[in-house]
Amino acid sequence: MTEADVLDLLRSGIWAAIWAATPPLVVALVVGLGISLLQALTQVQEATLSFVPKIVAILVTVVLSLPFMFHILARYWEEILTIISGGVPP
């Protein structure tokens, strides 16, 4: 295994992590923006108001996107196992 292969494997691992983490992060961004807008419009500056809806939304998103996350990480793991077994990665 050359340095280029290791760097390619690391790069694909970083991309797999980014793709797997995207759904909860996007939902957290959207919910946080919505709550901030609501707080700005109503002038209610309660600090705990933003945490509970965001946590619930992230939890629901993680549960709903688990098959997608599993597919991404399983594909990366198959790539690693192919390299370990001496095959050519897809």
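Please compute the modelled spin-label separation between Leu41 and Ala21, points set 7 Å along Cα→Cβ, answer in nm with one decimal.
The two pseudo-label positions are separated by 3.1 nm.
I'd like the FRET efficiency for Val62 and Leu7, computed as 1/(1 + (r/R0)^6) with the beta carbon distance as r and R0 of 30 Å, rounded to 0.05.
Values: r = 30 Å, r/R0 = 1.00.
That gives a FRET efficiency of 0.50.
If contacts are Cα pairs under 8 angstrom and at least 6 residues apart, what is the relative contact order of segment 3-84 in percent?
47 percent
Compute the separation of the alpha-carbon centres of segment 1-18 and segment 26-47 and state it in Å as a whole number.
A separation of 37 Å, based on Cα centres.
Which residue, chosen from Gln39, Ser50, Ser85, occupies the Cα position most advanced towards the positive end of the dipole of the chain, where the dipole is computed from +1 (Lys, Arg) and -1 (Asp, Glu) charges on Cβ about the Cα centre?
Of the candidates, Gln39 comes out farthest on the positive side.
Grab the DSSP H runs of the chain that are 4 residues or longer, score each as -39,500 (n - 2.57), total them, divide by all residues and round the 222 nm result to the nearest 500 deg cm²/dmol.
-28500 deg cm²/dmol
Could you check the spin-label model distance between Thr48 and Leu81? Points 7 Å from the Cα along Cα→Cβ, value in nm.
A separation of 4.7 nm, rounded to one decimal place.
Please arrange Ile14, Ile80 by how many other C-beta atoms lie within 10 Å of their C-beta, fewest to most.
If I rank by nearby Cβ atoms, fewest first, I get Ile14, Ile80.
Values in this text are rule-based calculations from the coordinates and carry no lab data. Keep in mind that this is a model prediction, so the values were computed, not measured. Don't worry about glycine lacking a Cβ; one is built from the backbone with ideal geometry, like all the others, and counts go over all protein chains shown.
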